[in-house]
């Protein structure tokens, strides 16, 4: 079923990286620009570089347009486009052709085979105390041309990687299916063994795959995960088609791979084996990263039929949702008959890659990525981001055509198989690991572009100030004369521009966790209750969330500017003093988490972090002074400084990796399997496992890392 | 309609207080009791008093019984018994006869005329966009014999003191009807003038009368207050008859007098005038403490009809309730036709008063009160408390009969008209003000006795430790061998026995706020969603909340013991160091509340509070040492010390009272009109009114009060 590729692809990117060095030959020509105003400064730029930068920024910001953006989005969302589907390969060609048209270089596919899953047919019915077949489909709304999808009976909602199975069992309700929720069921004496566990998708997000895993590991026969109206439906506000929240029939599709069991290590083909003739067959033992019990997603309209008849104890505090009756835990008397027919196969994940080669530091890569594959139409997730990436490509291409070429190389990546496995980005990182370790500067991720006006940016701490400063340079459509930063402050509850720490769960994961690259993840938030459902489509985006695509275009402008600055600064705008502070806070947090009864004290690590903080603060002051002066900087020395600065983030990794997840090599940040934040993951996991004797070694790794960072800063400061 | 009283009543209690002095002649006889164990101590008792106290406590605790308690409760809840109803006068006789039977002394009625209101007929219908008459009645459940009430068409739910009126108007939803909610409507540009404002009864409780007042003062045409399922219905847990929460049709009746306009000052007859022939007629100008717009309470079943059709903007965050659709603010298109026919009349509030006269300090009064009047059956509120008070009376009477007579006089009061006006308790306090100022020791209030197992005690801070200690002496039915205190700790979220500060809203208000008496307010909590509805009845209590009346009997035991200890201690168990600490915390809180922009600093008051804290701590240490020694105490000196200690709470009042509420004379505590806590009310209100120049004078009053307290303690300590 996989369409033949029509453009040469490169399995391993380093094969083509060599010729990027050619980029250094290009010259700038900006003779007639007006003098730069005295007051304008951008961190990381010498005064002598400012005029060109400001001229080019003006151009960059002027390119993204609502009209073009809308045309991209319409095309991208015209049909469902899951990983491995004909339509998604077709869209890879569209992205490639845009990149080419906009003048980007080295445009190519990067393909990797992977195991993918799809729903084929489905029956869910209640058999006790009443017999009722559940709808398991989303309702059409005729003015939305895309909403008749389920008229085709081959369209079934599913959890990717859930095995096919037929079971009938009593139902137990387990709230959000978190570890705490299952512990509460234990306290209540409710057995889930042999039962179908119904859980709600939760808010804040908690990974659905871990819910199923917890049910499976306690012997459950099957799992149902439904969208409670309290989390994303009428309880939150107006529902589709009147508003952005989920209507009664909306269903959240999703993958449930047990990724903590082998992410980045297990082959993407899992236990499938390649035959002599190039075909793939399933191996004898199902990989342990794949679920073994059937699981389905469900609307609250269907779930309501089950939950309203469930008996047993009334739910504990906090478990009641938004349906109009008292929730009960069960088990029974409700019995459900589940007949899940899913299919799995090997197909190619296809990334589309393009570059804008740099001049002075062409070896250095500033990367931006967004995934293309969608559960269904992907109006917001991810096609809004893909459309934005294309507008960024157009802006960068235009700048190059008009004579502005960046100092460093910019890479644009359109990933595949994010929804399934974070597969496209991870496979590319693995294939380019050596190069990235050496020359990766920053990775900027854009999954969904904009569901509303509220900028939401996360990053490794060294980039937080950079993000704030760049947000000041992009106009916000809701504030006449005001910037994204102004709106950020205004819409934040704390009245400050908070930059979240990030720990994985989308395509920056491999960059940050495995390579130790500085990362940014960004979006513009608004109310959004149709995640992974049919209603996340063009109608939703263009009529409800962002008519005129004002926020989405703003997002494209900001992303373009972020890349343009990161690719052009004389000195990288990284503030490691913030990183050292975050590390200190993380150490204190984990000390509190540990005790009592067992109290741990990480004084040595704290002292090393304070040394780092001191070195970094001094350096930042010195660098600011230097950049503000009229001094010029030897280009080779600048490159050396930037390499040293890049190296610092790398120092925050440790080759050994986490005990049970060796791909995760970062010392400060990791996601838990639920995707909650796990600070200082090695120590975090040692505490959880009560492996106290390992902690001194992990503390020593922190000391080494912080001292390396201090040393690198000292070396850098000698370059001025 | 008011039944003639058949027992002599005394309008002013001091008329009979004189002969209490006779009580001192009674002698104890306890020759054969075993020696007191060395380890047993009770704060406030000399070692030489302990044996008798422990013997009598054992007896006191043994009296309250489930059987007797249940018999009282069944009789009390047999019929609705609002203030002024024939049944409520009948119950006054029942209480009187019990007091007499149990051997209490000076049993009498205390009557005061008051304006009372009742519903006569009611029509509520939606006229737009659909025509529908709302049910405005609670559904019967045949196994509950009391639940057929609304079959009688003369039974209509109502808000007491809402005027009769007929209106038709568009509807606006105003969430909980708090000042913040109306401010939010302003921000949204939603006009309530001429509209019917629908608001929810809220959780935590906010006074319904103030909701109506805010709507009225913004020009609303009428008000509806409904019970949202998120606050007390299915969202919270199982509903009647399966559980304790409110079923869809339950309606919370209630009074809505604007009590902050004249509480304790305005006559209870308001603008009604007594004629020569003794009849009452309404005066020409309706008192401003009475509402001028019609208002009705409503079930969520009926409210759902209105709310589901309301349009306009979706509600702001936090306003969505538990009904299964997105709430909207309006106005319209829903129009409601309200036809309210309420009747008002003057009738007698009838308190039932009895005493157990004291021996050594017969002039000193330890008082316990509970109200008798109920909105309907009053299963929990207040008949559970009345039944408990009767069991306390039986326990005290038995103790006296067996030769134990308390050191101080105990007064038991069964108040009337709490639901309407806090009328019975307030009128009695006014009639006995001089005596109470001189000799009132402590007032202990019991409104509802027990809806569940969780002890919930509040008090003026000086009594918090006493409350904790006494809770240790009463067994808790859920913990074999454990005490109420043990359960208190276990069921509290903080793991400590928290004693709330109290500010009024039930019958202790006049005692604390006007007299400055130390107060305790107590109950045993459990889930309770039928407040002020027909379902708060015997069935609810005996089948759902407390089968076997285990918690209610425990409550009676604890109340009896509290009274018995307060009436018997050699030295009153008041810890003013806690009071000083609370005062300091209150000052710091109000300093924070004030600024910025206007920052106030109350350093002088804080210093005075610290002086008080020091004196009190020293005294408490000294007193403990003295009581633990084998020293004996001259009875006259003990009385002198106790008078001084009582005087300290009085020092926390100021005769002038609050600017707009002169009956409220307490310097530290008052309720806001919403019944939220208002700490340091004079300063609180000056800040709200921006009357900054008054604050120094109010601070001076605090300084004086705290210094008076310090001085009284110094004088007391000279008595040892």
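Computed from the coordinates by the stated procedures, all read-outs in this text should not be read as laboratory data. These numbers were taken from a predicted model, which means no experiment stands behind them. Every residue, glycine as well, gets a Cβ built from its backbone with ideal geometry; the counts of neighbours run over all protein chains shown.
Using the average count of surrounding beta-carbon atoms within 10 Å as a protection proxy, the listed peptides B:54-63, A:467-476 rank, highest first, as A:467-476, B:54-63.
Computed over region A:272-328, relative contact order equals 21 percent, with contacts defined as Cα pairs under 8 Å that lie 6+ residues apart. Normalised by the number of residues in region B:575-631, the average gap of Cα pairs under 8 Å and 6 or more apart makes the relative contact order 49 percent. Simple spin-label estimate for residue A:66 and residue B:632 gives 9.7 nm between the two label positions (7 Å along the Cα-to-Cβ direction from each Cα). Axis of helix A:576-594 versus longest Cα principal axis of chain A: the two differ by about 30°, to the nearest ten degrees. Of all chain B residues, the one whose Cβ lies closest to the rotation axis that maps B onto A, given with that distance rounded to whole Å, is B:324, 2. For the peptides A:425-434, A:410-419, A:671-680, A:100-109, the ranking by mean Cβ contacts within 10 Å, running from highest to lowest, is A:410-419, A:425-434, A:671-680, A:100-109. Taking 7 Å steps out from each Cα toward its Cβ at residue A:269 and residue A:97 produces label points 3.1 nm apart. Sorted shortest first, the distances from the residue A:205 label point to those of the same residue in the other copies are 4.4 nm; each point sits 7 Å from Cα along Cα-to-Cβ. For the peptide B:241-251, the mean number of other protein chain Cβ atoms found within 10 angstrom of a residue's Cβ is 1.
Subtracting the Cα-Cα distance of residue A:625 and residue A:491 from 0.36 nm times their residue separation leaves 44.9 nm of extension gain. DSSP finds beta bridges in the protein assembly as shown, and of those with both partners inside it, around 55 percent are antiparallel. Subtracting the Cα-Cα distance of residue A:308 and residue A:193 from 0.36 nm times their residue separation leaves 39.2 nm of extension gain.
Here residue A:495 yields copy-to-copy label distances, from shortest upward, of 3.5 nm, the label point defined as 7 Å from Cα along Cα to C-beta. Distances between copies at residue A:631, taken between label points 7 Å from Cα along the C-beta direction, are 7.9 nm in increasing order. Taking the DSSP bridge list for chain B and keeping only pairs wholly inside it, about 55 percent are antiparallel. In terms of its C-alpha gyration tensor, region A:576-717 comes out prolate, because a/c is 1.5 or above and the ratio a/b outweighs b/c. Sorting the segments A:395-401, B:481-487, A:693-699 by their mean number of nearby beta carbons within 10 angstrom, highest to lowest, gives A:395-401, B:481-487, A:693-699.
Our summary gives chain B a relative contact order of 18 percent, counting only alpha carbon pairs under 8 angstrom and 6 or more residues apart.
Taking Cα atoms only, the orientation of helix A:86-101 departs from the longest principal axis of chain A by about 10 degrees.
The mean number of partner chain beta-carbon atoms within 10 angstrom of a residue's beta-carbon across peptide A:226-233 is 1. For the Cα atoms of chain A, what angle does the longest principal axis make with the long axis of helix A:695-717, in degrees from 0 to 90, nearest 10? That works out to roughly 30 degrees.
Could you work out how far the C-alpha centroid of region A:73-128 sits from that of region B:140-157, in angstrom? Each part reduced to its Cα centre gives a spacing of 63 Å. Projected label points at residue A:121 and residue A:48, each 7 Å from Cα along the beta carbon direction, are separated by 7.4 nanometres. Taking other C-beta atoms within 10 angstrom as a stand-in for reagent exposure, A:525, B:454, A:228 fall in the order A:525, B:454, A:228, fewest first. Peptide A:697-708 has a mean shielding of 0, counted as Cβ atoms of other protein chains within 10 Å of each residue's Cβ. Evaluate E = 1/(1 + (r/R0)^6) for residue A:203 and residue B:203, where r is the Cβ-Cβ distance and R0 equals 25 Å; express this FRET efficiency to the nearest 0.05. Efficiency for this residue pair is about 0.70.
Expressed per residue, the C-alpha convex hull volume of the protein assembly as shown stands at 204 Å³. Distance from the alpha carbon centroid of region B:364-434 to that of region A:487-512 works out to 60 angstrom. Report summary: the helix-based calculation at 222 nm, which adds -39500 (n - 2.57) for every DSSP H run with n ≥ 4 and divides by the residues of the protein assembly as shown, gives -10500 deg cm²/dmol. Net length available on complete extension from residue A:604 to residue A:640 is 9.9 nm, with 0.36 nm assigned per residue and the Cα-Cα distance removed.
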